[in-house]
Amino acid sequence: NDFTLRNCQITLSDSDGQAIKSVLCDSTNVVSRLTVENCKFIGDTSAGPVSAVEINGGSDQVIKNNLFWGNFDTTTGAAVYNSGDAATRVLIEGNHIQNKAATSLVALRVQTTTTGAIRYNTLEITSDTAPTGTSICIAPSGANINLYENYCSTDSGEVGSLAGSAISGGTPST
């Protein structure tokens with residue numbers, strides 16, 4: 001069940017089409033020990049994928065030191081998306097994520113019962129809502145995921161603020 005994607009550049013979308021999901025570990029193909037490291041997931045503004053990396057269950061996933069730039073789904077997706085079943089011992093670290101979809105509020109999304117750590121990421125959303133707490137940029141933050149020094153800003157020129165200073169759970173505000 002191991003899978004590693006390292007040092008790759010993936011085109012998410014351009015004027016000719018889009019990849020709905022670039023890396024998909026769904027309920028049929030549960031992957032433990034997934035590593036996505038030092039990759040670039042690049043999309044333009046003409047089309048929007050649901051996610052760049054989507055995991056559903058599994059354990060020991062590492063998503064580290066990547067660049068995610070695209071118009072990610074504003075309702076059910078995000079650049080990094082933990083759909084369906086919770087994952088265990090997840091590490092999401094050192095990524096730069098820009099969700100350029102109109103009025104986006106979420107850059108990455110995990111299940112409330114997912115365990116592990118989300119740390120040292122920079123996140124950008126397009127909503128003019130000031131990024132505060134964990135309902136903006138990272139959704140939701142359950143009591144089982146640890147958040148350390150993730151910064152979020154909107155693309156309206158605001159200075160990034162700490163995302164995840166309070167563990168609150170719930171769903172992103174819209």
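Filtered by the rule that a residue be open to solvent by 40 Å² or more (accessible area, probe 1.4 Å) and either in a loop (DSSP other than H, G, I, E, B) or under 17 Å from THR11 (Cβ atoms) (or both), segment 62-72 gives ASN65, LEU67, TRP69. Taken over segment 31-43, the residue count meeting the criterion of being among the aliphatic types (A, V, I, L, M), surrounded by 20 or more Cβ atoms within 10 Å (Cβ to Cβ) and at pLDDT 80 or above is 2. Filtering segment 96-124 to residues that are closer than 19 Å to LYS21 by Cα, at pLDDT 85 or above and either among the hydrophobic types (A, V, I, L, M, F, W, C) or surrounded by fewer than 19 Cβ atoms within 10 Å (Cβ to Cβ) (or both) leaves HIS96, ILE97, ALA107, LEU108, VAL110. Got a number for residues in segment 44-61 being within 22 Å of THR4 (Cβ to Cβ) and open to solvent by 40 Å² or more (accessible area, probe 1.4 Å)? The qualifying residues number 1. Report whether or not ASN82 is at pLDDT 90 or above and open to solvent by less than 50 Å² (accessible area, probe 1.4 Å). No: the conditions fail for ASN82.
Kindly indicate which of THR88, THR75 is modelled with pLDDT of 90 or more and either buried (at least 20 other Cβ atoms within 10 Å of the Cβ) or more than 19 Å from ASN38 (Cα to Cα) (or both). Please lay out each step first, then the result.
Values: THR75 fails: modelled with pLDDT of 90 or more.
None of the other options fit; the residue is THR88.
Please verify whether THR28 is surrounded by fewer than 24 Cβ atoms within 10 Å (Cβ to Cβ) and in a loop (DSSP other than H, G, I, E, B), treating the condition exactly as stated. Yes; evaluated as a whole, the condition is true for this residue.
The values are calculated or read from the model by the stated rules, or taken from the named source; none is laboratory data. All values reported here derive from a predicted model rather than from experimental measurement. Cβ sites come from the backbone with ideal geometry, for glycine too, and all protein chains shown count toward neighbours. Protein only, heavy atoms only, side chains kept; ligands, DNA and RNA dropped before computing areas. Shrake-Rupley method; radii C 1.70, N 1.55, O 1.52, S 1.80 Å.
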